[in-house]
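*Asks:* One structure, pasted below without further comment.
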2 protein chains.
Amino acid sequence: MTSLPLRIGLVGCGTVGAALVELLTTQVPVIEARTGLRLEIERIAVRDPDKDRGLALMPGILTTDAHSVVTDPAVDVVVEVMGGVEPARSLILTAIECGKAVVTANKELLATAGAEVFAAAEEAGVDVLFEAAVAGGIPLVRPLRESLLGEPIRRVMGIVNGTTNYILTRMSEQGVDYEQALAEAQRLGYAEADPTADVEGYDAAAKCAILASIAFGVNVVVGDVYHEGITGIAATDIRYADRKGYVIKLLAVAERFVPELDRDPEPAEISVRVHPVLVPANHPLASVRESFNAVFVEGAAVGELMFYGRGAGGGPTASALLGDLIDAAVNRSKGSHATVGTLRSGRIRPIEDLDSEYYICLDVVDRPGVLAAVAGVFGRHGVSILSMEQEGLGDEAQLMFITHTARERSVRDTLADLRKLEVVHRIGSVIRVLGES
Amino acid sequence: MTSLPLRIGLVGCGTVGAALVELLTTQVPVIEARTGLRLEIERIAVRDPDKDRGLALMPGILTTDAHSVVTDPAVDVVVEVMGGVEPARSLILTAIECGKAVVTANKELLATAGAEVFAAAEEAGVDVLFEAAVAGGIPLVRPLRESLLGEPIRRVMGIVNGTTNYILTRMSEQGVDYEQALAEAQRLGYAEADPTADVEGYDAAAKCAILASIAFGVNVVVGDVYHEGITGIAATDIRYADRKGYVIKLLAVAERFVPELDRDPEPAEISVRVHPVLVPANHPLASVRESFNAVFVEGAAVGELMFYGRGAGGGPTASALLGDLIDAAVNRSKGSHATVGTLRSGRIRPIEDLDSEYYICLDVVDRPGVLAAVAGVFGRHGVSILSMEQEGLGDEAQLMFITHTARERSVRDTLADLRKLEVVHRIGSVIRVLGES
């Protein structure tokens, strides 16, 4: 098969855009030899055309006018790697109106206006492909959208933020505290000077929204996602978890609750959340180290799956974009486009109504009767204790509990009452423990 | 979108076929609600129509005449789950001639006559989909064929046989020897009464051929794949590996050698092999336990990827078949079919010409001068020793070496000369150590 070239309009040319241009340079002949498909870069919109990107580009290919790229009749597919909601959203919607396929790595946009973009694409009959938006280079979006479309998926859990996984790995393996690990991550370029978006779980929440949308066919936006970060995790939490056979990971969890899961085509009630989790050490997610990402999928038929790889960086992201470009080229050569399916609206179960085991750490006065007082509070709220350990610290002590499965609301009520106890100086970490889906 | 139903002709209805029928029963309405695509089972060819399969089937759907199913004008897609090369090959080729899409889980067939089947499908313009043939339920074939089509893949390494991984996990975690672990695997149904196909690496070799074909676009058959099994692995090997920070796994390895990898669209020289490997304990493949499968992919742009899940069993295999059926239904609704691409012929580099580090275990007489004699043989063949440990056993001793990277031919010559030494009683395990791609 030989077809007309797929002419690419690239919007944005930072690390990811430049990596894509480089990858195309080497791979275009390979792809043509294997498939007959030809890809070529037609135009690139950048902020500063004079910046040295270390790329050998045809003269006149760069422009500062992104709008002219997405409306250019000589462009077949727009690759958007500028990030952020606007002007990316307007440019992508314009490209779709002009009948162009869109490939994007933009998680903020999709977690905010995904349903609008998908609806516009469906209406116009064009591709919107976004493998690079979640878990970087890992082929995940397409397997979920296509291979597992018929699978009764119960839960998707991902380590989808490399920065926090790097920090937690250092804390766990070197025994350093959060601040030291963050400083090291910043020195190595794994964390930004302002790390808020990563360490508070905002970045993971955007990816969680996208994962839930594609896994369950339900429209989820970033604002729907409950999130906690890792800034409160102490070295003692990590040590206690380790002694008990757990590793602490920041997980994005998208879960589906249906009374009769496998027979109900109705919109599901789901949970979408990002928070630290005590993961059993022999669970596949526990072995995901450093800045790697992984997404663990549980389905009624397929059982357990995990997709592992690099969640960020120029090369991996460019690899995902290239996969989407080939997809777009194949679809174009057949006059078809990818089926996004209509995202239905789903009910989000509030975090207070979820059940989990909990790890809870309290700073208390070290004197007789304290445990009885504390245990009494747990008991009054029906939160039963699975295990307890005390670590003495002079006349202060730490009590570390793992509870049986309890309703979040009851745990919050327990914590509120514990705060009123004179013997409790501080409530430290409260971290959910990974349970069955 | 609503379209005509995709009418399925199922050939074979054992564990996998029955699991597919069950999965379809629950998921057909879900798939229709999400995509408008309808799947329905038209006919099922079985050996014994009176056997109780625990399935609620429409009367008259079963037949003993497989040929009538693959030629039935009322069948749009043939799902072949009978296994073996013949009559599966003839039935599939007939189905293709009749213009039907084919979905198969048959690794023996694809590793033997894959190129013939793909060429026939290309000629007829129909789908041949085979997600279930390698690594069971793990979405792997489609990501490799599509998402990673443009990725400069260097190496694919898989734990693709659950039986041997179960045995090695038991040996490693319980310290039992091979016979005990095999007996346990047989008791639990993970290993067959005659375990040869699994433990000697034949099954993994077939999957290796398919992996190499799709990863590199090169025609590889099972006979091209060098293979060793796990029957010779001793408890001492596992213990030594553990002390040195390794886990022993049976890996299927497909590797690509190109002087200038990224710019060469020419057929590559590749290596395809199945053998035990000492895998570093912190490598993601090392944490793949029990009967799970995983495939590790290394690409120049994407970096490291791993796909993990259940490699066998009714549910996971049915899940993969269902993904392919949806693919076939989508393609049919668009009047298109999957692009297999033409498999080129590639040169297979002989095992003797590969380089690796090696673990080598020798039973020797325990007396002064033995190590000097043994080390002299290594030295004469240019095989240099990275580390050595001796374990005394009365007047016998075991010498355990790990070599620096050496050419396989030189190692074989070394072993041949070691056999001639009077002080060497026996050459035990010789196991390759995982190195960089």
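*Asks:* Quick check on the stretch B:329-346: of everything there that is facing chain A (nearest Cβ under 7 Å) and part of a helix (DSSP H, G or I), which residue is nearest to residue A:284 (Cα to Cα)? Steps first, please.
*Replies:* Our first condition is that a residue be facing chain A (nearest Cβ under 7 Å); within the stretch B:329-346, this holds for B:330, B:334, B:336, B:339, B:341.
Those left that are additionally part of a helix (DSSP H, G or I): B:330, B:334.
Numbers: B:330: 33, B:334: 38 Å.
The selected residue is B:330.
*Asks:* In addition: I need the full set of residues from the stretch B:1-54 which are modelled with pLDDT under 85, polar (S, T, N, Q) and assigned to a helix (DSSP H, G or I), in order please.
*Replies:* Correct list: B:35 only.
*Asks:* Looking at A:214, A:210, A:230, A:248, can you tell me which residue is within 26 Å of residue A:392 (Cβ to Cβ) and not assigned by TED's automatic domain parsing to the domain that holds residue A:363? Steps first, please.
*Replies:* Numbers: A:214 fails: within 26 Å of residue A:392 (Cβ to Cβ); A:210 fails: within 26 Å of residue A:392 (Cβ to Cβ); A:230 fails: within 26 Å of residue A:392 (Cβ to Cβ).
Of A:214, A:210, A:230, A:248, the one residue that is within 26 Å of residue A:392 (Cβ to Cβ) and not assigned by TED's automatic domain parsing to the domain that holds residue A:363 is A:248.
*Asks:* Mind checking which pairs have a first residue in the stretch B:307-328 that is facing chain A (nearest Cβ under 7 Å) and a second that is assigned to a loop (DSSP other than H, G, I, E, B) and of a type in the set (Asp, Glu), Cβ under 9 Å, 6 or more apart or different chains?
*Replies:* Close Cβ pairs (under 9 Å, with a partner that is assigned to a loop (DSSP other than H, G, I, E, B) and of a type in the set (Asp, Glu)) amount to B:319/A:151; B:322/A:151; B:323/A:151; B:327/B:127.
*Asks:* Given the condition part of a loop (DSSP other than H, G, I, E, B), under 18 Å from the mean Cα position of the chain (by Cα), surrounded by fewer than 20 Cβ atoms within 10 Å (Cβ to Cβ) and in the same structural domain as residue B:283 (by TED's automatic domain parsing), answer yes or no: does some residue in the stretch B:148-170 qualify?
*Replies:* Step one: of the stretch B:148-170, the residues part of a loop (DSSP other than H, G, I, E, B) are B:148-152, B:160-161.
Checking which are under 18 Å from the mean Cα position of the chain (by Cα) leaves us with B:160-161.
Next, only the ones that are surrounded by fewer than 20 Cβ atoms within 10 Å (Cβ to Cβ) stay: none.
Within the stretch B:148-170, none of the residues are part of a loop (DSSP other than H, G, I, E, B), under 18 Å from the mean Cα position of the chain (by Cα), surrounded by fewer than 20 Cβ atoms within 10 Å (Cβ to Cβ) and in the same structural domain as residue B:283 (by TED's automatic domain parsing).
*Asks:* Have a look at B:288, B:297, B:302 and point out the one that is out of contact with any Gly (no Cβ under 9 Å at 6 or more places or on another chain), of a type in the set (Val, Ile, Thr) and buried (at least 19 other Cβ atoms within 10 Å of the Cβ).
*Replies:* Details: B:297 fails: out of contact with any Gly (no Cβ under 9 Å at 6 or more places or on another chain); B:302 fails: out of contact with any Gly (no Cβ under 9 Å at 6 or more places or on another chain).
Of B:288, B:297, B:302, the one residue that is out of contact with any Gly (no Cβ under 9 Å at 6 or more places or on another chain), of a type in the set (Val, Ile, Thr) and buried (at least 19 other Cβ atoms within 10 Å of the Cβ) is B:288.
*Asks:* To continue, here is another question. Looking only at residues that are part of a loop (DSSP other than H, G, I, E, B) and of a type in the set (A, V, I, L, M, F, W, C) in the stretch B:106-147, which one is nearest to the other protein chains (Cβ to nearest Cβ)?
*Replies:* Within the stretch B:106-147, the subset part of a loop (DSSP other than H, G, I, E, B) is B:106, B:125-127, B:130, B:134-140.
Then keep just the ones that are of a type in the set (A, V, I, L, M, F, W, C); that gives B:126, B:130, B:134-135, B:138, B:140.
Details: B:126: 14, B:130: 12, B:134: 13, B:135: 10, B:138: 6, B:140: 9 Å.
Only one residue fits best here, namely B:138.
*Asks:* From (1) assigned to a helix (DSSP H, G or I); (2) modelled with pLDDT under 95, pick out the condition that doesn't hold for residue A:435.
*Replies:* Against the list (1) assigned to a helix (DSSP H, G or I); (2) modelled with pLDDT under 95, residue A:435 comes up short only on (1).
*Asks:* Does residue A:72 count as over 31 Å from the mean Cα position of the chain (by Cα) and modelled with pLDDT of 95 or more?
*Replies:* Details: over 31 Å from the mean Cα position of the chain (by Cα): yes; modelled with pLDDT of 95 or more: yes.
Judged against the criteria, residue A:72 is a match.
*Asks:* Here are B:391, B:436: which of them is without any contact (Cβ under 8 Å) to a residue 12 or more places away in the chain, out of contact with any Pro (no Cβ under 9 Å at 6 or more places or on another chain) and among the charged types (D, E, K, R)? Reasoning before the result, please.
*Replies:* Numbers: B:391 fails: without any contact (Cβ under 8 Å) to a residue 12 or more places away in the chain.
From the options B:391, B:436, the qualifying one is B:436.
*Asks:* Would you check if residue B:223 is under 19 Å from residue B:431 (Cα atoms) and surrounded by fewer than 19 Cβ atoms within 10 Å (Cβ to Cβ)? First the steps, then the outcome.
*Replies:* Values: under 19 Å from residue B:431 (Cα atoms): no; surrounded by fewer than 19 Cβ atoms within 10 Å (Cβ to Cβ): yes.
It is false that residue B:223 is under 19 Å from residue B:431 (Cα atoms) and surrounded by fewer than 19 Cβ atoms within 10 Å (Cβ to Cβ).
*Asks:* Moving on. Given the structure, is residue B:191 farther than 26 Å from residue B:302 by Cβ, among the hydrophobic types (A, V, I, L, M, F, W, C), in contact with a Ser or Thr (Cβ under 6 Å, 6 or more places away or on another chain) and in the same structural domain as residue B:235 (by TED's automatic domain parsing)? Before you say what the answer is, go through the steps one by one.
*Replies:* On the way: farther than 26 Å from residue B:302 by Cβ: yes; among the hydrophobic types (A, V, I, L, M, F, W, C): yes; in contact with a Ser or Thr (Cβ under 6 Å, 6 or more places away or on another chain): yes; in the same structural domain as residue B:235 (by TED's automatic domain parsing): yes.
Yes, satisfied.
*Asks:* Taking the stretch A:42-67 as the region of interest, how many residues are closer than 24 Å to residue A:110 by Cβ and either surrounded by fewer than 19 Cβ atoms within 10 Å (Cβ to Cβ) or over 31 Å from the mean Cα position of the chain (by Cα) (or both)? Give the steps one after another, and end with the answer.
*Replies:* First, pick out the residues of the stretch A:42-67 that are closer than 24 Å to residue A:110 by Cβ: A:43-47, A:66-67.
Filter again for either surrounded by fewer than 19 Cβ atoms within 10 Å (Cβ to Cβ) or over 31 Å from the mean Cα position of the chain (by Cα) (or both), leaving A:47, A:67.
Selection size over the stretch A:42-67: 2.
*Asks:* Might you check whether a residue that is in contact (Cβ under 8 Å) with a residue 40 or more places away in the chain and closer than 26 Å to residue B:218 by Cβ occurs anywhere in the stretch B:163-173?
*Replies:* yes
*Asks:* Among the residues of the stretch A:79-90, how many are surrounded by 18 or more Cβ atoms within 10 Å (Cβ to Cβ) and farther than 13 Å from residue A:128 by Cβ?
*Replies:* Within the stretch A:79-90, the subset surrounded by 18 or more Cβ atoms within 10 Å (Cβ to Cβ) is A:79-82, A:88-89.
Of the ones still in play, those that are also farther than 13 Å from residue A:128 by Cβ are A:81-82.
So the count comes out to 2.
*Asks:* Of a type in the set (Ser, Thr, Tyr), touching a residue at least 24 places away in the same chain (Cβ under 8 Å) and not in a helix (DSSP H, G or I) - does that describe any residue in the stretch B:284-304? Step through it out loud before you land on a result.
*Replies:* If we filter the stretch B:284-304 for residues that are of a type in the set (Ser, Thr, Tyr), which is where we start, we get B:287, B:291.
Then drop every residue that is not touching a residue at least 24 places away in the same chain (Cβ under 8 Å), which leaves B:291.
Add one more test, that the residue is not in a helix (DSSP H, G or I), and what stays is B:291.
Looking for residues that are of a type in the set (Ser, Thr, Tyr), touching a residue at least 24 places away in the same chain (Cβ under 8 Å) and not in a helix (DSSP H, G or I), one finds at least one in the stretch B:284-304, hence yes.
*Asks:* Which pairs turn up if I take residues in the stretch B:91-120 that are more than 14 Å from residue B:72 (Cβ to Cβ) and look for partners that are of a type in the set (Lys, Arg) and at pLDDT 95 or above with beta carbon separation below 8 Å, at least 6 apart in sequence or on another chain?
*Replies:* B:107/B:207; B:109/B:89; B:111/B:207; B:112/B:89; B:113/B:89; B:116/B:89; B:117/B:89
*Asks:* Is it true that residue A:95 is surrounded by fewer than 24 Cβ atoms within 10 Å (Cβ to Cβ) and farther than 22 Å from residue A:309 by Cα? Walk me through how you get there before you give the answer.
*Replies:* On the way: surrounded by fewer than 24 Cβ atoms within 10 Å (Cβ to Cβ): no; farther than 22 Å from residue A:309 by Cα: yes.
Against the criterion (surrounded by fewer than 24 Cβ atoms within 10 Å (Cβ to Cβ) and farther than 22 Å from residue A:309 by Cα), residue A:95 does not qualify.
*Asks:* Test residue B:428 against the criterion of being closer than 26 Å to residue B:246 by Cα and surrounded by 13 or more Cβ atoms within 10 Å (Cβ to Cβ), and give yes or no.
*Replies:* Working: closer than 26 Å to residue B:246 by Cα: yes; surrounded by 13 or more Cβ atoms within 10 Å (Cβ to Cβ): yes.
It is true that residue B:428 is closer than 26 Å to residue B:246 by Cα and surrounded by 13 or more Cβ atoms within 10 Å (Cβ to Cβ).
The values are calculated or read from the model by the stated rules, or taken from the named source; none is laboratory data. Only a predicted model underlies this, so the values are computations on that prediction, with no experimental measurement involved. With ideal geometry, Cβ positions are generated from the backbone for all residues, glycine too; neighbour counts draw on all protein chains shown.
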